[in-house]
Structure formats: C-alpha cells, structure tokens
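Participant: Here's a structure for you.
Just so it is clear, none of the values below were taken in a lab; they were calculated from the coordinates. Bear in mind the structure is a predicted one, so any value in this text is a computation, not a measurement. Cβ sites come from the backbone with ideal geometry, for glycine too, and all protein chains shown count toward neighbours.
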Amino acid sequence: MTVSPHTPAPAAPEPAPRFLLDAEQRAFAGSLGAMLTAAGAPAVIRDWSRGERASGRALWSRIAAAGVFALAVPEAYDGLGPRPVELAVAFVELGRYAVPGPLVETVAAAAALSAPGPAGRFLPGLASGESMATLAREGGYALDGDAATARLVLAADGLRLAPGHGPVRASLDPARRLTRLLPGGELLDPDPPAGRALLWARLATAAQALGVGLALLDRTVGYVRRRVQFGVPIGSFQTVKHRLADAKIALEFARPLVLGAAVTMAPADVAAAKVSACEAAYATARTALQLHGAIGYTAEYDLSLWLTKARALRTAWGDPDACRAQVLRDRA
Amino acid sequence: MDLTHSPADEAFRAEAREWLHAHVPPEPLPSLETAEGFAAHRAWEAELASGGWSVVNWPRRYGGRECGLVRWLLFEEEYYAAGAPGRVGQNGVSLLAPTLFEHGTEEQRARVLPAMARGETVWAQAWSEPEAGSDLASLRARAVRVPGGWRLGGQKAWSSRAAFADRAFGLFRSDPGAPKPHQGLTYVMFDLRAEGVTVRPIGRLDGKPAFAELFLDEVFVPDEDVIGEPGQGWRIAMATAADERGLTLRSPGRFLAAAERLHALWRAQGSPQGARAQVADALIGARAYQLATYATASRFLGGERVGAEASLNKVFWSEYDIALHETALDLLGEEGEFADAEWSQRYVFALAGPIYAGTNEIQRDIIAEHLLGLPRGRR
C-alpha cells in the first residue's frame with residue numbers, strides 16, 4: 001500500500017489531521033524563546049546554583065507574565081488552563097534555556113491543589129508568579145525547597161503544607177538544589193489528586209528534557225562546525241555526523257510522543273513521553289560531551305548547564321523503569 | 001492539535017475492519033518468497049481488489065477508493081491488526097505507482113495501474129547493480145536508442161521479488177557522455193519474460209529467493225515504457241526514493257500490530273522481567289512512529305513535502321524492527337531458532353531494513369548534511 005504526495009488528492013477532501021502546533025502555539029514558543037534569550041539565562045542559572053535568587057526570581061516573574069504557570073491553573077483561579085499542550089510547548093522552551101527553579105514542581109503543585117479551599121488560597125499566586133511552589137512525596141526530596149514559598153508534601157494522610165525544610169543538598173546539576181521538607185504542617189486536603197499531580201509533573205519534565213536535548217544538539221552541531229582538527233572541521237567526519245544524526249533521530253521521535261501525551265493526558269502516553277524524551281536527552285548529552293571533548297568537561301563552559309540537567313531529569317518524577325512499567329501496566 | 005478522527009473516518013475504519021474480519025485467511029499464507037506462496041499472495045491481492053481495498057488511496061478509475069492520507073493510515077492499522085498477509089505488490093504500489101502518478105502518461109497509468117491493483121502484474125524493483133547499491137549514480141546498465149524504443153543491456157542485482165514477478169522498473173544509463181554521473185539516466189519499465197532477460201534467483205539468508213540478479217542482453221523496450229523524459233531518470237527516481245523512506249514503505253500500522261503481538265507473546269511467557277524494558281520500548285516506539293506519521297501527514301495536507309526528514313523515518317523504523325524481532329526471538333528461547341517460526345521469518349525480513357532503500361549510513365549522512373547542516377567530507 002502506498003500513500004504519497006504524488007497520489008492524486010481524494011475527490012472529496014477528508015478533514016485534515018491536526019497533529020501539528022497551530023500558528024498561535026508556535027508564536028507562543030517563539031516569543032518565550034526570544035524572552036529567554038534576552039534574559040541571559042546562563043548568568044541566571046549560575047546565580048541560582050550559588051543560592052543567589054534575585055535574578056532567578058526576576059526571570060520567574062517574566063515567565064509567569066508570559067502565562068506559563070497560568071496554563072496549569074483553571075480559569076476560576078485566575079489561570080488560563082488547564083492547557084497541557086501549551087504547557088508542554090512552554091516547557092520545551094524552558095528546557096532549551098535550562099531555566100532553573102521549581103518549574104515542574106509548581107505545575108505539579110497546581111495540579112495537586114484542586115480542592116476549592118486550597119485552590120483559592122494558592123493558585124492565583126502561582127499563576128501570577130507571586131509565589132513559587134515545590135512539591136514532594138513524603139520522604140522524598142523537594143526541588144528548591146529553600147526558595148519556594150509554598151512547600152507541599154503528598155503525605156500518607158493527604159496534602160500538607162510543610163512547616164519548613166532541612167539542609168540544602170547539591171544535585172549533580174548545580175542548578176537543582178534539593179531539600180527534605182519537615183514533617184507535619186497544615187493538612188490542606190485529605191484526598192488530593194496525587195495521580196494527577198504526578199501526571200502533570202511527568203509531562204512537564206518530559207517536555208523540559210526534550211528542550212534540554214534539543215539545546216544540546218544545537219550547541220554541539222554549532223561546535224563541530226567550528227572546531228578544526230587535522231585541518232578540517234570535525235563535523236565533516238562521518239563518525240561525528242552519525243552520532244549527531246542518531247541524537248537527532250531520538251529527539252525527533254520523542255517530540256511527537258511529548259505532544260501526543262499532552263493531547264491525550266493518558267498515563268501510559270505521558271510515561272512513554274517521559275522515558276523517550278529523557279533517554280533521548282541523556283543520550284544526546286553523552287554525545288555532546290564526547291564531541292566537545294575536554295572543553296565540554298569544564299564547569300565554566302556553558303554546555304555543563306544542560307549536560308548535568310539531562311542526567312537529573314532522567315530520574316526526576318519517574319525513572320525510565322517506572323515509566324516503562326506504567327506503559328505495560330495500562331495494557332495489562 | 002488534535003488526535004481524534006472524524007465520525008466519517010471512524011466509519012471507514014469500521015467498514016475496513018468488518019471486511020478484513022470476514023476475508024483475512026484464517027491460516028497464514030505460505031511465504032511469498034516461494035512459488036506457492038507467491039501465487040497465494042497474488043490471489044489474496046485479487047480478493048482485496050474485488051472488495052475495493054487493495055489501493056484505497058488511488059482514484060476509482062484505477063481500482064481505488066480515492067481516500068486521503070488519514071484513511072490510508074487507518075486502513076493500514078486495521079490491515080495489520082487483522083493479521084492480513086504481507087503485500088506482494090508492494091514494490092509496484094509503493095514505488096512505481098507514485099512515479100506514474102507524477103511523471104507517467106495517462107496511457108501508462110491506464111495500462112499499468114489496474115492490473116497492478118489486482119495483483120495480475122507483480123512488479124520487481126531493478127535499481128541496484130553489482131557495483132551500485134546505495135550509490136545509484138554509478139549505475140552502468142545501459143539503454144541504447146533504437147527505432148521505436150530502446151535496447152537494454154547489462155546487469156541488475158538485488159532485485160526484490162524478481163524471482164517470481166512479471167515486470168520490473170529500473171534506471172538505465174542512456175547517455176554515457178553526460179557531464180555528471182547522475183545525469184543521462186532513463187527510467188524504464190520492462191518485461192521480466194522478454195527475450196534477452198535472464199533472471200537468476202538469489203537466496204537470502206534463509207535460502208528463500210527473495211531477490212534475484214537480472215542479466216539483460218539486447219532487451220527491446222518500446223518508447224511507451226519510458227517514464228518521463230529520457231535522461232531525467234535520476235530526478236524522477238529520487239522523488240520516489242524519498243517517499244519510500246518516508247511514508248510509503250512502512251506504515252505505522254505494521255509496527256503497532258507487531259508491538260501488540262510482542263506484548264501478547266511476553267504475557268503468554270509469564271511476563272519475564274528480563275525483557276520488560278524491551279517490550280515496553282517496542283510499544284513506545286510504535287506509538288512514536290504512529291504520532292510522527294500523523295505529524296508528517298498533517299504537513300503533507302498543509303501543502304508541504306517530505307525531503308530529507310524521510311531519512312529520519314527510515315533509520316528509525318528499520319532499527320526498531322530489528323530490536324522488536326530480536327526481543328521476540330529471545331523470548332521464544334530455543335523455539336525461536338526454528339526457521340519455520342513466524343517470528344524468525346519476520347526477523348530475517350527485518351534484518352534487511354538497514355540495508356535496502358539506501359543504507360542507514362547513507363541516511364545518517366543525509367540527516368547530518370541536510371538536516372543538521374554539517375559539512376560534506378570524509379566518509
């Protein structure tokens with residue numbers, strides 16, 4: 001069987017599939033990208049890694065003003081959502097610029113805060129960017145628990161507002177600062193939608209990882225075009241080309257999974273997107289490091305900002321094994 | 001962005017499912033790489049055609065239903081989900097027919113397409129030569145101008161289906177003095193039983209004659225069997241080659257069905273933990289390919305064409321296909337060794353994927369140079 005652009009079009013046109021971003025969604029990605037370019041993300045990331053928050057908070061406000069967090073917040077609470085496709089589009093851009101902070105966790109918190117009381121109390125602030133949330137499962141680590149203004153815990157007896165946090169531990173990715181949240185605190189919701197929070201966290205992480213992978217590929221392609229060895233750009237060597245072609249293939253087949261998962265929001269689709277995007281980004285990071293050589297192994301060089309994040313995102317909110325198990329569970 | 005199908009498309013899907021349910025042979029047909037299997041597959045093509053399902057996206061006057069891309073994809077999903085036989089007419093339908101739609105004459109279409117749709121004429125692809133595999137620009141087999149047509153001479157190799165097929169299409173060097181090697185090639189259809197044609201079947205890894213060598217000695221081809229302008233064969237063939245690697249050769253339906261079969265096999269074996277990741281990845285890969293195809297279809301319908309992006313597809317599905325079948329054979333254990341097992345037959349077929357339709361190395365060069373903008377250089 002065949003189908004091709006050479007085959008005549010049907011007499012009566014069928015409705016076209018719409019599995020592509022529309023003009024508005026593409027424009028949203030473009031304007032967010034332009035804003036993040038102008039914001040000078042690498043300097044912000046380095047400040048954040050040292051625990052200096054002013055530049056990160058300023059960037060956070062601009063991201064919120066662009067509507068990113070509002071996409072996870074219902075209109076009833078001053079949001080624009082829930083709009084998972086637009087959220088995925090935004091998180092690809094946030095990953096592309098390696099933006100620091102509890103971005104995913106704020107989205108997950110918004111998904112967990114569904115009961116009217118806590119929703120009314122917290123969601124408008126999250127949508128506007130006035131507050132920054134983090135969310136952890138009981139006994140787990142919270143990202144940027146020291147920076148967040150709302151520290152939420154999915155505990156055995158419900159959603160709690162943690163009274164504080166423990167010491168900050170450095171992640172493999174210096175921009176990710178992890179803390180344990182203190183037990184107890186106010187019980188916000190005895191029966192929170194924990195599954196929904198996890199779903200949104202995974203989707204956002206998958207999209208962010210895709211963006212990280214795309215940035216790593218772009219930067220590496222640029223580098224191998226410039227870097228001359230043996231008298232020619234190393235990008236003219238077939239081995240180098242083929243490694244980058246493989247990275248491109250992995251990322252281009254993760255992209256439709258991420259967008260498709262945002263459309264269906266089926267747990268198996270979101271898990272498939274998470275495992276594919278994170279594996280593609282991580283494989284791209286390994287390739288990026290190898291092709292950059294020693295310069296890629298240095299902390300001063302900006303590539304490290306994406307390299308370490310690719311590894312950290314792989315295990316955040318469901319490692320590959322957990323995501324694959326979800327894919328199989330939903331088919332049982 | 002949307003993934004739902006219209007009620008009319010779903011009705012079409014249901015109609016296809018119902019017809020296939022009533023008509024798909026209950027037992028698998030013998031391998032189409034045997035004389036007996038070839039005949040059985042030809043009869044299946046005729047049956048498909050009698051139901052109007054052999055070429056759903058073609059115009060009605062050639063045996064089609066004038067369906068668009070979406071319905072073709074839905075039909076393919078149902079076709080493979082129903083466990084229907086492999087398509088013996090695939091070379092003609094997926095490579096020659098699109099070329100005729102774009103570059104052929106109305107006379108050629110009327111003469112060639114209906115018989116192709118019914119499986120009466122099965123086509124072999126005759127592009128490669130002993131010294132020209134993925135490097136088609138180095139073709140040597142020649143076409144010499146004679147009154148009323150051309151005389152073909154030389155040798156073709158790795159010609160899929162040629163052991164049992166009726167006719168073939170290929171590229172021949174018609175102007176040896178052309179300034180560049182890819183110029184001066186002419187796209188020709190010829191009869192495999194014509195005087196001067198010798199077909200020598202070649203056994204593939206499993207010994208079955210899945211392809212053949214063709215020896216051409218002064219084979220006459222009339223002008224009406226030349227596609228497009230003489231000397232333009234390269235340009236014409238490359239347009240179809242991109243489609244072959246892109247959408248036409250492997251529809252997602254095939255991999256969705258294969259992944260489902262693998263998942264069922266894994267569960268039947270007691271869901272062994274050691275293979276869990278590979279089975280999950282097979283399901284994930286099929287979904288990725290399906291969604292990527294929907295994105296490509298959306299772009300086609302928006303007026304775009306697939307260029308070098310087709311190479312992404314070709315590498316993806318060919319490597320995916322092998323990984324899936326390796327997992328199946330591992331799950332089968334010693335039962336997977338037997339040549340008559342359906343999974344091993346499919347495995348042997350999958351092994352050729354990274355080699356044909358332009359090797360995966362060539363595809364990676366195309367991706368690197370055309371999609372990533374890397375410089376040409378050392379191979």
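Participant: Using only alpha carbon pairs under 8 Å that are at least six residues apart, calculate the relative contact order of segment B:1-147 and give it in whole percent.
Facilitator: Relative contact order, segment B:1-147: 23 percent.
Participant: Let me ask something else about it. Take chain B, connect every pair of alpha-carbon atoms lying under 10 Å apart with a spring to form a Gaussian network, then pick out the residue of B:Ala286, B:Ala82, B:Ala157 with the largest mean-square fluctuation.
Facilitator: Residue with maximal mean-square fluctuation among B:Ala286, B:Ala82, B:Ala157: B:Ala82.
Participant: Suppose every Lys and Arg Cβ carries +1 and every Asp and Glu Cβ carries -1, with no other charges. What dipole size does segment A:80-155 come out with about its Cα centre, to the nearest 20 debye?
Facilitator: 140 debye
Participant: Whole Å is fine, so just give me how far the alpha carbon centre of segment B:162-205 lies from that of segment B:301-379.
Facilitator: 25 Å
Participant: Using Cβ contacts closer than 10 Å as the measure, can you line up B:Lys180, A:Lys309 from fewest to most?
Facilitator: B:Lys180, A:Lys309
Participant: So what's the gap between the Cα centers of segment B:211-226 and segment A:273-294, to the nearest angstrom?
Facilitator: Taking the Cα centre of segment A:273-294 as reference, the centre of segment B:211-226 is 49 Å away.
Participant: Classify the protein assembly as shown: rounded, prolate or oblate, from the alpha-carbon gyration tensor (a ≥ b ≥ c, eigenvalue square roots; a/c under 1.5 rounded; otherwise prolate if a/b is larger than b/c)?
Facilitator: Since a/c reaches 1.5 and a/b is larger than b/c, the shape of the protein assembly as shown is classed as prolate.
Participant: When you have a sec, figure out the Kirkwood radius of chain B from all distinct Cα pair distances and drop it here in Å to one decimal?
Facilitator: Taking every pair of different Cα atoms in chain B, averaging 1/r and inverting gives 21.8 Å.
Participant: Add -39500 (n - 2.57) for each DSSP H run of 4 or more in chain B, then divide by its residues: what number comes out at 222 nm, to the nearest 500 deg cm²/dmol?
Facilitator: Rounded to the nearest 500, the figure is -13500 deg cm²/dmol.
Participant: Testing the spin-label approximation: label points 7 Å from Cα along Cα→Cβ at B:Ser50 and A:Arg196. State their distance in nm.
Facilitator: Label at B:Ser50, label at A:Arg196, 5.6 nm between them.
Participant: For B:Ala194 paired with A:Arg50, estimate the spin-label separation in nm (one decimal), with each label point 7 Å from Cα along the Cα-to-Cβ line.
Facilitator: Each label point lies 7 Å from its Cα, and together they span 7.8 nm.
Participant: Okay, helix-only estimate at 222 nm for chain A: each DSSP H run of n ≥ 4 adds -39500 (n - 2.57), divide by all residues, round to 500 deg cm²/dmol; what do you get?
Facilitator: -18500 deg cm²/dmol
Participant: While we're here: Which three extents, in whole angstrom, do the alpha-carbon atoms of segment A:113-158 cover along their principal axes, largest first?
Facilitator: 29, 24, 10
Participant: List the pairs from A:Lys248/B:Lys156; A:Lys248/A:Lys309; A:Lys309/B:Lys314; A:Lys274/A:Lys309; A:Lys241/B:Lys208; A:Lys241/B:Lys156 whose alpha-carbon separation is above 25 Å, in the order I gave them.
Facilitator: Too far apart for the 25 Å limit: A:Lys248/B:Lys156; A:Lys309/B:Lys314; A:Lys241/B:Lys208; A:Lys241/B:Lys156.
Participant: Under a plain spin-label model, where a point goes 7 Å from the Cα along Cα-to-Cβ, how far apart in nm are B:Arg145 and A:Asp321?
Facilitator: 7.1 nm
Participant: Lys and Arg at +1, Asp and Glu at -1: add these up for the other residues within a Cβ distance under 10 Å of A:Pro174 and post the number.
Facilitator: Summing Lys/Arg as +1 and Asp/Glu as -1 gives +4.
Participant: FRET efficiency for B:Glu15 and B:Asp330, Cβ-Cβ distance as r, R0 = 35 Å, nearest 0.05?
Facilitator: 0.35
Participant: Next question. Compute a Gaussian network model of chain B, connecting alpha carbons closer than 10 Å, and tell me which residue from B:Glu18, B:Glu334, B:Glu66 fluctuates the most.
Facilitator: Of the options given, B:Glu334 has the highest mean-square fluctuation.
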